[in-house]
Every structure is written in C-alpha cells, then in structure tokens.
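Asker: Provided herewith is a single structure, encoded as structure tokens, for subsequent inquiry.
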C-alpha cells in the first residue's frame, strides 16, 4: 500500500512481458517475468501521468484474443516485448493528473506489474466505497459486473416469468447474468463450453448451499 514513506523511494518492478503473438491457446512460455531495477516512485516531468501500485489483477477470457494479433473490437492487441495489460485495482502513489491524488484507490486498465505509470486517465475510475472488498472491483463491481448488468437490464430487459438463455454461463459475466435473471423470477437456462465447467459451477453452488 502507498504511504508517505513509499513515495520517492527507488524500487524494483516485477512485470509479466508478452513475448510474441500466439496461435491457439497461449502457453506459459509465451510470457516472461522480468524485473526493472531502480524505478523511482514519482512521476517525472510535466506529464499527466499517474503512478499506481497494483493490488489486484484480473485474468479475463478476452485477453487470449489480444495475444493472437486480432483486435477484440474494444481493446487493441498486445505489443510483443511490453507488459500484458488488463483490468486491475491499485493505489495512486504519485499523480500529475488533477483528477487523481496520492492515496486514491482506483480500478481500470493497468499493467501486469507491481507498479504502472499510466499516461492517461481514460478508463480509470476512482473507488469511493472503500468499505467493500477491493477485489470485487475486478468482478461484480468492475468490467464483468457492468457488462452483465447492462446486457441484462438495459439490452435484454426481460420480464418476470420469461425464459432467459445464458451462453458461457460459467464465465465471469454469464454467472452474474444467471443470478440477475433468477432474482427477477425468470426461468434460466445456461450453457458452458465443457462438462467440467458445468460440474465445477454446480459443485460450488452446492457447497454454498450446505454452508448456508
């Protein structure tokens, strides 16, 4: 966590580097862990930069598409030799951007590294409700939750008693859509890519019911 003693310190920065575009499913060998020495925890120059210490990082299915040199339509592809990027939660160490100050908790696109220097505040959101578990901002309070909420309530907009089919129902977005539909009183049917995913989701649901 950032505090007064950490700012202006010089640290090493461990990061996950994307090596090159892949064909099919990525492997561990398609990435490399490197360490940059002598990172000063202060934004230099007259930039609008925001230096963030990453606390939680999200691993999402769309990231595999970005490793194949094919744009997802929303995100650009990864750059070989650069850190992998994705949604995460962090704490501002230093900022030249007037919208964010030292100590702010934020969520948005960041790097798979201990510290990220963000050159733009686009897609970065300040966390105001700090009494909630911060990792939730990589899930239900972050991109998956917003996608599920907007898709279900704004686009689909079903009524109580209607049938709702959820594809990829075991995923981060699909499992939330299924819960929203059940809460509304809909009859829900879901599909998943493999039987193992169906069993895994059902097994966790039964464990929660037993606990109570």
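Asker: All but one of (1) within 30 Å of residue 175 (Cβ to Cβ); (2) modelled with pLDDT under 95 hold for residue 97; which doesn't?
Answerer: (1)
Asker: Which condition from (1) surrounded by fewer than 19 Cβ atoms within 10 Å (Cβ to Cβ); (2) farther than 15 Å from residue 31 by Cα; (3) in contact with a strand residue (DSSP E or B) (Cβ under 7 Å, 6 or more places away or on another chain) is the one that residue 82 breaks?
Answerer: Here residue 82 clears every test but (2).
So that you can scan it fast, the table gives a plain yes or no per residue for (1) surrounded by fewer than 21 Cβ atoms within 10 Å (Cβ to Cβ); (2) over 14 Å from the mean Cα position of the chain (by Cα):
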| site | (1), (2) |
| --- | --- |
| 98 | yes, yes |
| 106 | no, no |
| 109 | yes, no |
| 112 | no, no |
| 121 | yes, yes |
| 139 | yes, no |
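Asker: Surrounded by fewer than 19 Cβ atoms within 10 Å (Cβ to Cβ) and in contact (Cβ under 8 Å) with a residue 12 or more places away in the chain, is that true of residue 28?
Answerer: no
Asker: Could you figure out which of (1) touching a strand residue (DSSP E or B) at 6+ places or on another chain (Cβ under 8 Å); (2) over 19 Å from residue 82 (Cα atoms); (3) surrounded by 12 or more Cβ atoms within 10 Å (Cβ to Cβ) isn't true of residue 10?
Answerer: (3)
Asker: I've got another one for you. Of all residues in segment 38-79, how many are touching a helix residue (DSSP H, G or I) at 6+ places or on another chain (Cβ under 7 Å) and free of Cβ contacts under 8 Å to residues at least 12 places away in the same chain?
Answerer: 1
The values are calculated or read from the model by the stated rules, or taken from the named source; none is laboratory data. Just so it is clear, the model here is predicted, and its values are computed rather than measured. Note that we place each Cβ from the backbone using ideal geometry, even for glycine, and neighbour counts take in every protein chain shown.
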